[in-house]
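Right, one structure below, let's go through it.
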Amino acid sequence: MKKQFFKLLLMPMILVCLALCPVANAANKIKVVTALPDLASITQAIGGDKVEVFSIGKGYQDPHFIPPKPSFIVKLKNAQMLVRVGLGLDIWLDSLIRSSGNPKIYFGAPGYVDASIGIPVLEFPNRKIDRSLGDIHALGNPHYWLDPVNAKYISADIVAGLKRVDPADGAYFDQRRMMFLKELANKLTGWIHQAAPLKGVRVISYHDSWPYFERRFGLKVVGFIEPKPGIPPTPKHTQYLIQLVRQENVKLIMMEPYYLSSTPKMIAAATGAKVIVVPPSVGGVPGANDYFSLFDTILNRLLTNLPKK
């Protein structure tokens with residue numbers, strides 16, 4: 001009888017402990033906010049069970065223009081670390097950082113990470129920049145995560161930030177980064193082999209998202225739906241692209257999932273080229289669930305839609 005009594009007495013206490021333990025574990029994790037899900041995926045891979053990661057931008061959103069929400073400010077206020085794209089892509093993040101009032105993630109603070117540090121930047125402008133050129137990036141093309149080799153720089157920046165915030169777990173982060181890079185190297189070997197049929201293939205892209213991917217995998221972007229970065233297509237530019245597609249024998253028109261398909265479809269109808277939605281970020285389409293599966297998805301979509309010779 002006494003044993004049953006003690007069991008009944010202890011059961012609520014055990015249930016309370018079980019309920020509180022996950023909360024306690026979650027409270028001990030480093031709260032990281034990232035600008036984009038690609039950075040979140042790499043941060044999670046390196047941080048493991050030591051981090052709790054939230055991405056403000058989603059893969060199906062235009063990374064140049066993420067609508068602000070009060071909930072983002074709350075996330076940033078409670079963050080111990082921020083990982084941003086840099087190179088002028090996520091300037092929308094600056095006002096959110098200021099509004100958060102969190103000095104831990106201000107520029108120069110231990111928790112502030114610019115993932116572009118060390119990246120060999122492409123398309124750095126060699127002339128004066130003004131609004132007549134559209135939304136061109138003065139610091140070079142910021143879509144650097146679309147070359148998987150650049151993940152070694154991104155991951156190094158993230159590890160450095162994690163070690164500043166949590167030096168006691170530095171060896172853990174270093175080890176997980178090495179595991180991440182080893183898996184990345186294995187994946188890259190397969191991707192390069194898989195992408196061989198793409199070498200020299202001419203395509204049209206909606207936005208200038210792909211120079212890093214293009215350099216790594218051999219694709220050739222010969223024109224853009226946008227006449228200038230961030231500028232919607234005009235009828236005159238559309239007619240120019242129709243002629244270009246015919247002249248260059250372009251068979252594929254790539255578009256990111258957040259752009260309107262009307263102009264690409266019009267060009268396709270006039271030329272016989274095929275429009276395909278290709279995600280430039282994790283979560284942009286079903287199946288692109290993390291940094292590795294993003295490249296699986298991109299390559300599969302391109303290769304599946306290549307015209308048969």
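The values are calculated or read from the model by the stated rules, or taken from the named source; none is laboratory data. These figures come from a predicted structure and were not determined experimentally. Reconstructed Cβ throughout: ideal geometry from the backbone, glycine too, with neighbour counts over all protein chains shown.
Cβ separations smaller than 7 Å between residues 6+ apart or across chains give the following pairs from the range 94-115 residues that are in the same structural domain as residue 70 (by TED's automatic domain parsing) and in a helix (DSSP H, G or I) to residues that are surrounded by fewer than 21 Cβ atoms within 10 Å (Cβ to Cβ) and small (Gly, Ala, Ser): 103/109. Considering the range 237-277, and only residues there that are of a type in the set (A, V, I, L, M) and part of a loop (DSSP other than H, G, I, E, B), the residue that is farthest from residue 188 (Cα to Cα) turns out to be 260.
Looking at 162, 146 in this structure, which one is of a type outside the set (D, E, K, R) and closer than 28 Å to residue 299 by Cβ?
One residue alone meets the criteria, 146.
Is it the case, given these coordinates, that residue 239 is of a type in the set (S, T, N, Q), surrounded by fewer than 18 Cβ atoms within 10 Å (Cβ to Cβ) and in the same structural domain as residue 86 (by TED's automatic domain parsing)? Criteria not met by residue 239. When residue 215 is tested against the conditions (1) touching a residue at least 24 places away in the same chain (Cβ under 8 Å); (2) within 21 Å of residue 117 (Cβ to Cβ); (3) assigned by TED's automatic domain parsing to the domain that holds residue 118, the lone failure is (3).
Sort through 287, 200, 283 and tell me the only one that's within 17 Å of the chain's Cα centre (by Cα) and surrounded by fewer than 20 Cβ atoms within 10 Å (Cβ to Cβ). Step by step, each of 287, 200, 283 is checked, and only 287 is within 17 Å of the chain's Cα centre (by Cα) and surrounded by fewer than 20 Cβ atoms within 10 Å (Cβ to Cβ).
Might you let me know whether the range 48-60 holds any residue that is modelled with pLDDT under 95 and not assigned by TED's automatic domain parsing to the domain that holds residue 281?
Within the range 48-60, not a single residue is modelled with pLDDT under 95 and not assigned by TED's automatic domain parsing to the domain that holds residue 281.
What about residue 44, is it assigned to a loop (DSSP other than H, G, I, E, B), of a type in the set (S, T, N, Q) and within 21 Å of residue 154 (Cβ to Cβ)? Judged against the criteria, residue 44 is not a match.
Only one entry in 225, 267, 253 is touching a Ser or Thr at 6+ places or on another chain (Cβ under 6 Å) and not acidic (Asp, Glu), namely 225. Consider the range 203-236 and keep the residues that are surrounded by fewer than 18 Cβ atoms within 10 Å (Cβ to Cβ) and assigned to a helix (DSSP H, G or I). The one that is nearest to the chain's Cα centre (by Cα) is 215.
Can you find a residue in the range 116-131 that is part of a helix (DSSP H, G or I) and hydrophobic (A, V, I, L, M, F, W, C)?
Looking for residues that are part of a helix (DSSP H, G or I) and hydrophobic (A, V, I, L, M, F, W, C), one finds none in the range 116-131, hence no.
Does residue 142 satisfy being buried (at least 16 other Cβ atoms within 10 Å of the Cβ) and modelled with pLDDT of 95 or more? So residue 142 passes the test. Tallying residues that are surrounded by 21 or more Cβ atoms within 10 Å (Cβ to Cβ) and under 24 Å from the mean Cα position of the chain (by Cα) within the range 257-274 yields 1.
Of everything listed in (1) part of a loop (DSSP other than H, G, I, E, B); (2) farther than 18 Å from residue 36 by Cβ, the single unmet condition for residue 299 is (1).
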